[in-house]
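The values are calculated or read from the model by the stated rules, or taken from the named source; none is laboratory data. Fair warning: this is a prediction, and the values are worked out from it, not measured in the lab. Quick reminder, even Gly has a Cβ in these numbers, built from the backbone with ideal geometry, and neighbours come from all protein chains shown. These accessible areas exclude ligands, DNA and RNA; they are computed on the full protein's heavy atoms, side chains included. Shrake-Rupley method; radii C 1.70, N 1.55, O 1.52, S 1.80 Å.
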Amino acid sequence: MFDDDNDVDNENENMNMLRMGNRRYIEFDILPKPQIMRIYHCLPLFIWTYVFHTVDAIPLQEKASSDLPSKRIVGLTKDDGKMLHRTKRGWMWNQFFLLEEYTGTDTQYVGKLHTDQDKGDGNLKYILTGDGAGSLFVIDENTGDIHAAKKLDREEKSLYILRAKAIDRKTGRQVEPESEFIIKIHDINDNEPKFTKDLYTASVPEMSGVGTSVIQVTATDADDANYGNSAKVVYSILQGQPYFSVDPESGIIKTALPDMSRENREQYQVVIQAKDMGGQMGGLSGTTTVNITLTDVNNSPPRFPQSTYQFNSPESVPLGTHLGRIKANDPDVGENAEMEYSIAEGDGADMFDVITDKATQEGIITVKQNLDFENKILYTLRVVASNTHPDPRFLHLGPFKDTATVKISVEDIDEPPVFSKISYLIEVDEDVKEGSIIGQVTAYDPDSMNNLIKYSVDRHTDMERIFSINAENGSIFTLKPLDRESSPWHNITVTATEINNSKQSSHIPVFIRILDINDHAPEFAMYYETFVCENAKPGQLIQTVSVMDKDDPPRGHKFFFEPVPEFPLNPNFTIVDNKGIMTRKDGYSRSKMNTYLLPILIFDNDYPIQSSTGTLTIRVCACDNQGNMQSCNAEALVLSAGLSTGALVAILLCVIILLVLVVLFAALKRQRKKEPLIISKDDVRDNIVTYNDEGGGEEDTQAFDIGTLRNPEAREDSKLRRDVMPETIFQIRRTVPLWENIDVQDFIHRRLKENDSDPSAPPYDSLATYAYEGNDSIADSLSSLESLTADCNQDYDYLSDWGPRFKKLADMYGGDESDRD
């Protein structure tokens, strides 16, 4: 089979060329009439194509058929008598053509293979290999006829490459070389256009102009775009007019009407058709649906559904109370529907406020200041609702705000009393007399009835009952003396209650400040005991003193020091204000006077002037040249000549031990002293004997601490008796530590004097030590109380047989009956 290499119009697809011997034939399959007419009109072109194809194939023929035994020259004669010569070979072809989707009952004929070596005697065998050989394409091995065994689809595969050869059946020798050819599947319009999506979703802002692009849809056709118009797609709109249109070539959907409003209609469904064959009749088509949504723009102002709103409010509502809600309607959505509420200047603008609820876009009317029915009963407000995000493109449509009138009626209720102030501050001197009026609070009934009011002090705030109040006029007066030093402030609460309705009451804090009066004398901040060097010079500062005063004068503290009037001029020392104690003479002697007592008069500068006397103890000590103290006792001068420091410490310890032993011995001796059980023998009675002091036995651990006797060092604590109350509580003076005293003799005498003059120091005369008595005594009860219940008198004569320890009892109970009476 031979074909035109250029394949200009592909109209000779069913033309098969056969070569028989030295002659060429052109064989046509029987085709339908339309195709025969097409071949007839194109026949001259086929002839010229065949001629040029034969001429161009000569070199290829010579190269591919060099093993053939002979070559032949074939000529074609035209009417004009000219002859075209071409050398041909007997085994060559390029491609076959075959229509897809064959629907006939027989197999579809493709073409025929033939060689000049075939004599028709059946000695040659044609063999076909390659794409689809044996399955899609079958060949008659005797005749070389090729048929398509199945229906082919160009969209699955558009061409097939096969190879053919001819062999001798007897020898198996290949008489023709293997040659390759192509079977090309021609397209028919058997695929409709298909969109990339079955459903498209798009949006476009409302109020858009005509021709605004919305979305582009795309359809594809599986047919061959290079063959006819089978794949040429044209778009059209089936549903969605007159709102939208579609570009027939690009598939872009556009708006077709101006100023489409979302508030009128938001959703549109558009159906688009894609048709092949350029939209001509007979073309195949496909459709898709496009859902188009109009998005919102701020083109609608807010509007109140009514012009007037009415609310009621009790006059006693707290500040910030919500009285009601109002709402303006905005057909826009989202950010475009957000609005803000405000109160225009005018009546009630300072009494009420409006806040915007962002979730519901409502305006909430709230109370801004306290309402008073007696003052005003009706308020009229002008509330404005405006968009927060206006669109400049639509400002020409009008103001994007609206105004409504809100009327609020105030209702009268029974209100509690109202004080004239939110709190009271009263200042009073601490020396004010009991029962004095220190201040006053006032309250009134805000209602029109003006009920009477009574006042009272909340006792939870005045637990000590220092203050009281006049129930009628609210005057506050004192019940007890005041002391600024103990309590400089008192915070009480006063209650005002309506007499006719006790449930209506109000409370007010009253802060009472106690003003200071100079009623405390200044005194030394501590006990002062200092020293002066024997070699001191006049005017030398030996001690600075600090003074404290419980008062708090408004001008601050300032103290003055003077000698006491009894000793107006001290020859040894002087005191200077703001400096301290200074010497007045040159040198001091320990042997003459080792201790000086300097009384000092201290007074303040406030009114009335308060003063006190403080005594300063000054000891004369030996010092070095730098003024450092070395010793302060006269005995140290004698001992220091022959004893070392270690010896002095040892002697001092021995003296302390001896002192402790003496104190312990004295305590034990005092303990042993007891009063006789009975003063006189004649004072014997058959009743209970009362003892002046009797201990509680070994289980009584509170009467006296026995550790005092066992530990003499406990005397340093100066403990008081715990079983009896001393007649006089003595102020225990701080003793000087041992290490501060060099004069041991002076130390011992001072301690002895302190203990002798202290009646509360142990041991006590009433101290009794009880030993453990044990259990299961062999003696019977000696109680005379039990004898009263006996049938006969008890015989106590056996007490004489128990020994001297029971002699006293035997004399008391063992005598004759007259004695017992």
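Kindly indicate whether any position in the stretch 290-301 is at pLDDT 90 or above, within 30 Å of LEU397 (Cα to Cα) and more than 55 Å from the chain's Cα centre (by Cα). The answer is no, given that none of the residues of the stretch 290-301 is at pLDDT 90 or above, within 30 Å of LEU397 (Cα to Cα) and more than 55 Å from the chain's Cα centre (by Cα). No other residue among ARG393, ARG382 is open to solvent by 60 Å² or more (accessible area, probe 1.4 Å), assigned to a strand (DSSP E or B) and out of contact with any helix residue (DSSP H, G or I) (no Cβ under 8 Å at 6 or more places or on another chain) apart from ARG382.
Within the stretch 477-501, the set of residues being among the aliphatic types (A, V, I, L, M), over 26 Å from PRO553 (Cα atoms) and in contact with a Ser or Thr (Cβ under 9 Å, 6 or more places away or on another chain) comprises VAL494, ALA496. Note on the stretch 210-295: enclosed strands (runs of 3 or more DSSP E) holding 3 or more residues that are closer than 13 Å to GLU192 by Cα are 267-275, 285-295. Looking across the stretch 87-120, the residues that are surrounded by 18 or more Cβ atoms within 10 Å (Cβ to Cβ), out of contact with any Lys or Arg (no Cβ under 8 Å at 6 or more places or on another chain) and at pLDDT below 75 come down to TRP91, MET92, TRP93. Test LEU162 against the stated conditions and say whether it is in the same structural domain as ASP118 (by the TED database), open to solvent by less than 40 Å² (accessible area, probe 1.4 Å) and farther than 24 Å from ALA231 by Cβ. The answer is yes for LEU162. As a summary of the residue check, ALA202 satisfies the conditions (1) among the small types (Gly, Ala, Ser); (2) more than 14 Å from THR289 (Cβ to Cβ); (3) open to solvent by less than 70 Å² (accessible area, probe 1.4 Å) except for the one numbered (2).
Scanning the stretch 209-232 for residues that are farther than 17 Å from SER285 by Cβ, modelled with pLDDT under 90 and buried (at least 18 other Cβ atoms within 10 Å of the Cβ) turns up just one, ASP224. For the stretch 456-491, enumerate the residues that are among the charged types (D, E, K, R), under 45 Å from the mean Cα position of the chain (by Cα) and crowded, with 16+ Cβ neighbours inside 10 Å. Answer for the stretch 456-491, where residues must be among the charged types (D, E, K, R), under 45 Å from the mean Cα position of the chain (by Cα) and crowded, with 16+ Cβ neighbours inside 10 Å: just ASP462. Determine if the stretch 602-621 includes at least one residue that is buried (at least 17 other Cβ atoms within 10 Å of the Cβ), assigned to a loop (DSSP other than H, G, I, E, B) and out of contact with any Phe, Trp or Tyr (no Cβ under 8 Å at 6 or more places or on another chain). Checking the stretch 602-621: at least one residue is buried (at least 17 other Cβ atoms within 10 Å of the Cβ), assigned to a loop (DSSP other than H, G, I, E, B) and out of contact with any Phe, Trp or Tyr (no Cβ under 8 Å at 6 or more places or on another chain). Looking across the stretch 104-123, the residues that are touching a Phe, Trp or Tyr at 6+ places or on another chain (Cβ under 7 Å) and of a type in the set (Val, Ile, Thr) come down to VAL110, THR115.
Among the criteria (1) out of contact with any Lys or Arg (no Cβ under 7 Å at 6 or more places or on another chain); (2) more than 22 Å from ASN191 (Cβ to Cβ), the one ASN123 does not fulfil is (1). Exactly one residue out of LYS579, LYS558, LYS550 is modelled with pLDDT under 85 and within 55 Å of the chain's Cα centre (by Cα): that is LYS550. Can you work out which of the residues in the stretch 532-591 that are among the basic types (Lys, Arg) and touching a Leu at 6+ places or on another chain (Cβ under 8 Å) is farthest from ASN518 (Cα to Cα)? Only one residue fits best here, namely ARG590. When TYR235 is tested against (1) of a type in the set (Ser, Thr, Tyr); (2) under 30 Å from LEU294 (Cα atoms); (3) open to solvent by 40 Å² or more (accessible area, probe 1.4 Å), only condition (3) is not met. For the stretch 238-256, name all the residues that are of a type in the set (Val, Ile, Thr) and open to solvent by less than 40 Å² (accessible area, probe 1.4 Å). Within the stretch 238-256, VAL246, ILE253, THR255 qualify.
Among residues of the stretch 350-367 being buried (at least 16 other Cβ atoms within 10 Å of the Cβ) and not β-branched (Val, Ile, Thr), the one that is nearest to ASN450 (Cα to Cα) is MET351.
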